[in-house]
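Presented below is the structure to which this report refers.
The values are calculated or read from the model by the stated rules, or taken from the named source; none is laboratory data. Only a predicted model underlies this, so the values are computations on that prediction, with no experimental measurement involved. Glycine also receives a Cβ, built like all others from the backbone with ideal geometry; neighbour counts cover every protein chain displayed. With ligands, DNA and RNA removed, areas are computed over all heavy atoms of the protein, side chains included. Shrake-Rupley method; radii C 1.70, N 1.55, O 1.52, S 1.80 Å.
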Amino acid sequence: MGFTVKPSVGVRWAGWATRRRKSILASALLVGMAATPIAARLPLHGDLSYLLPPETQSVRDLHSLEARAQVFGTIIVGIESDRADAADQRLATAGLLSHRLRALPASAVISVSADSAARDQFAWAHRQLLIPTEDLQAMADDLRERKARLNPLFVSLDSPQSADATKTAAAAVADRLHSLKQQFDAAKRGAQSPAPLVSPDGRIQIIIVRTRFAASEVSRNAATVDAVTSAVAEARRLGGATLHIGVTGDVVTTAIEHQALSGGMLRATLFTVVVVAIGLLLFFAGSPVAVAALLGALAIGALATFAFARLAVGHLNLATAFLAPIVVGNGINFGIILLARYFEERRRTADPVVALGVAIQGSLGGTLAAALAASVSYASLLATDFRGYRHFGVIGGVGILLCWAATFLVLPAALATLEARGLASGRSPARLGKGLMRFIPRRRLAVIVTALVVLGGSGIGAVRYLASRPFENDFKNLRSSGEQMQEARLWNDKINGAFGRGISGGTIIALPTRERARAVAQRLRAADAGKPPAERLFARVSSLEDFVPADQDDKLALLAQIRALLTPATLDTMNEGDRRIAVELKPPAHVNRIAETDVPPELAWPFTEQDGTRGRILLASTGTGFDLWRTEDLDRFVGRFRALALGTDLVVGGNAFVQHDIVRSVGSDGPRATLVAAIGAVVVVLLVLGVTRQAAVTLICAAAGVFLLLSAASVCGLKINFLDFVALPITIGIGIDYAVNIAARHRVEGPGSSGRIVMAAGPAVALCSFTTVVGYASLLISQNQGIRSFGLAALIGELTCLAGALALAPALLDLRRGRRAAGALDAVRTPAAI
């Protein structure tokens, strides 16, 4: 049977809206006023972790680290000079910049590193205990053998005593002394005259600012970013054309991304509202006040939607950031259908209440089916674990129903008010329907061939496209592509190339004890030992033990042995140069142990937890052989790390693990959401239209729209990512939306009415598509490549679904009537029928 609106519903609804119009409009105004400040406080979080469920391992670890470790962000200022004679100018400019940056408040900045002073001064003060144990052991062994050879009774068990053996032993000691001398001299020079952070080729100098807030906390880092940007602008003016100065780091790129998202969202929403308003004014010529009433009803629904999002979800994420233009473009469709039907009925009767009742009666069932189908398409995303999809489904599904409710509550009352004041006049858009008749095939064979070709061809194209696994494998293609981002990435690549990775970002590993941290660090270093740089999992593993060695007792014992072995007799066997070095490097009688408190905050902060505990955190910079923006490298990196089986008590933080979980989640959740959307759409259509020809035609048109979308995506070379995968279930809802409005009216008006319906309702359906197209097209102006990709995919789906609704649906609805249907089509195509 399906859902049927009783004939009295429209009349009673129109009468109620007319009598209570003032109360309804006052209530709507109050709702809008209450929703506006709530919706205005809806924050936007661009951090990828907000796309995953809170219970995901990578997200749990990230939150655990945020509560435990000193989470920080990084800003890097790069100063480049191509000319050798500009080095002094570069140093002076860097000095000015570092002076300005060191004046930043301690409440916002952990440290500003412009040179190696802190590390070199610490290394010089504790130089003896920072020598690797194996080097001390080798030195002690060499000296012990050298001293033994001075004994005339010494007999080597390895080889006969000879002058060559003695020379070899002496040379070994000399080499170690000279190597150690070079290390100590470098540390002493650094302690006395700190070296600026300059690349080995001398071209790029950097200043590193560590913020007290994670890069994702854009608002809390905003003042610091502004201060750094201002200092850099001043330095550029003073530095002149010979120096190039840029800013990068995760704090900067995240801020640029957030600005691109929020700015793009605002621009897209304004673009959609303005262009949709112009389209409505042109379509409903001569009725600007009625169009204003329609936009007012939409505004109430949209504001209620985002107020609901603030209360129920709390924020927008990367996936839901662009829902505003989509809600506007889709949510206005119901008002267009109702207003078009109202003007159509107003031509037939002088009684506005009757016209309003018939308009409500005629549009209620179809728009309700469309709203439910679209809502189910959005709600299908709730079947996924991916939080980005779930939030998209909640906000979109509820929003489309709120817009439908606002349309049928507010718009009838507004039209009744306008009628009372003589302002509701307007022309029926049916005048535009004649051109649409040309798209309907007139012959039975043409209809069958068209349907088979469209469904078969697009179905094959869709299967081939999905079989090719067209998934985006480069996360860089989902980020902002604006000029600021391009410059920040250029500087990031320059600095990584000059200094190596690990300055910004990396992996944080937290352990429950110092002993476990030491053991894990040893495992990680051992796993990469002896491998070339391109094959190492981590380029560097840093811990507090780099500054506070765990084997100080062993080192103290070895230093005592070395001191004892450097006797006058041993020294006499050395040449003058070696003897001078040996005396200079001879360990003092007493060497103080290095305590944790000896490590200055500038060096210890990465390994210091919020409660002051030190030494349970490791920092690891990714190996040069991995590009973690690419999914294959991401899989390889995470797989190799997990394969180390480091235990269940460690907490690992890093974008690599979050991105890896996103890829896995989308791979399983995307197809699930699409399947649920398809099943839900079928159920809604059958509930509203019953097991009828109209239901079958609606589903055929929806399938054609989806298949054509996938085929077009294949032709255009579109890649599926975690943003544009949403376009598939949404397109299923859109495919139902337009076709069901034609089919629902055909169910009421009976066989042979498809031509008349296309003339009367087709323009309104086309306008609905136009507004949705505008909403999706507005996303193409976004700087975020992922959002642009979604906009293009959804735009293609919109056009394919419209083609199915206006060209295929009318022909299939009256397919059984054969020649009589063709005659009816000819009749409505004549001028007399208009």
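Taken over region 523-537, the criterion of being within 32 Å of the chain's Cα centre (by Cα) and over 15 Å from ALA620 (Cβ atoms) is satisfied by ALA534, GLU535.
When residues in region 236-248 are screened for being at pLDDT below 90 and open to solvent by less than 10 Å² (accessible area, probe 1.4 Å), 1 of them pass.
The single residue among SER769, SER714, SER754 that is in contact (Cβ under 8 Å) with a residue 60 or more places away in the chain, closer than 29 Å to GLY456 by Cβ and surrounded by fewer than 24 Cβ atoms within 10 Å (Cβ to Cβ) turns out to be SER714.
Here GLY95 passes the criteria (1) open to solvent by less than 40 Å² (accessible area, probe 1.4 Å); (2) touching a residue at least 60 places away in the same chain (Cβ under 8 Å); (3) more than 30 Å from VAL666 (Cα to Cα) except the one numbered (2).
If I filter region 536-543 for residues that are surrounded by 18 or more Cβ atoms within 10 Å (Cβ to Cβ), at pLDDT below 90, within 30 Å of THR624 (Cβ to Cβ) and not charged (D, E, K, R), do I get at least one hit? Among the residues of region 536-543, at least one is surrounded by 18 or more Cβ atoms within 10 Å (Cβ to Cβ), at pLDDT below 90, within 30 Å of THR624 (Cβ to Cβ) and not charged (D, E, K, R), which makes the answer yes. Residues in region 611-639 that are over 24 Å from ARG469 (Cβ atoms), open to solvent by 10 Å² or more (accessible area, probe 1.4 Å), part of a strand (DSSP E or B) and not hydroxyl-bearing (Ser, Thr, Tyr): ARG614, LEU619.
Candidates are the residues of region 717-739 that are touching a strand residue (DSSP E or B) at 6+ places or on another chain (Cβ under 9 Å) and not in a helix (DSSP H, G or I); the one that is most open to solvent (accessible area, probe 1.4 Å) is LYS719. Selection within region 735-793: residues that are at pLDDT below 80, farther than 26 Å from THR320 by Cα and charged (D, E, K, R). The member of this set that is nearest to the chain's Cα centre (by Cα) is ARG745.
How many residues are under 36 Å from the mean Cα position of the chain (by Cα) and closer than 27 Å to PRO606 by Cβ when one looks only at region 168-223? Number satisfying all stated conditions: 25. Go through the residues of region 276-296 one by one and say whether even a single one is within 18 Å of the chain's Cα centre (by Cα), without any contact (Cβ under 8 Å) to a residue 24 or more places away in the chain and surrounded by fewer than 16 Cβ atoms within 10 Å (Cβ to Cβ). Looking through region 276-296, none of the residues is within 18 Å of the chain's Cα centre (by Cα), without any contact (Cβ under 8 Å) to a residue 24 or more places away in the chain and surrounded by fewer than 16 Cβ atoms within 10 Å (Cβ to Cβ).
Answer yes or no: is there a residue in region 511-523 that is surrounded by 15 or more Cβ atoms within 10 Å (Cβ to Cβ), touching a residue at least 40 places away in the same chain (Cβ under 8 Å) and outside any helix (DSSP H, G or I). Yes, there is a match, as at least one residue in region 511-523 is surrounded by 15 or more Cβ atoms within 10 Å (Cβ to Cβ), touching a residue at least 40 places away in the same chain (Cβ under 8 Å) and outside any helix (DSSP H, G or I).
Report whether or not ALA681 is under 26 Å from the mean Cα position of the chain (by Cα) and outside any loop (DSSP other than H, G, I, E, B). No: the conditions fail for ALA681. Here the condition is being farther than 30 Å from VAL31 by Cα, at pLDDT below 60 and in a helix (DSSP H, G or I); of LEU445, LEU436, it holds for LEU436 alone. With respect to LEU150, is the statement that it is modelled with pLDDT of 60 or more and over 60 Å from the mean Cα position of the chain (by Cα) true? Yes. All conditions but one from (1) modelled with pLDDT of 90 or more; (2) open to solvent by 10 Å² or more (accessible area, probe 1.4 Å); (3) within 28 Å of the chain's Cα centre (by Cα) apply to ALA405; the one that does not is (3).
Return yes or no: is ASP82 touching a residue at least 60 places away in the same chain (Cβ under 8 Å) and within 28 Å of ALA309 (Cα to Cα)? Write out each step before concluding.
Details: touching a residue at least 60 places away in the same chain (Cβ under 8 Å): yes; within 28 Å of ALA309 (Cα to Cα): no.
Against the criterion (touching a residue at least 60 places away in the same chain (Cβ under 8 Å) and within 28 Å of ALA309 (Cα to Cα)), ASP82 does not qualify.
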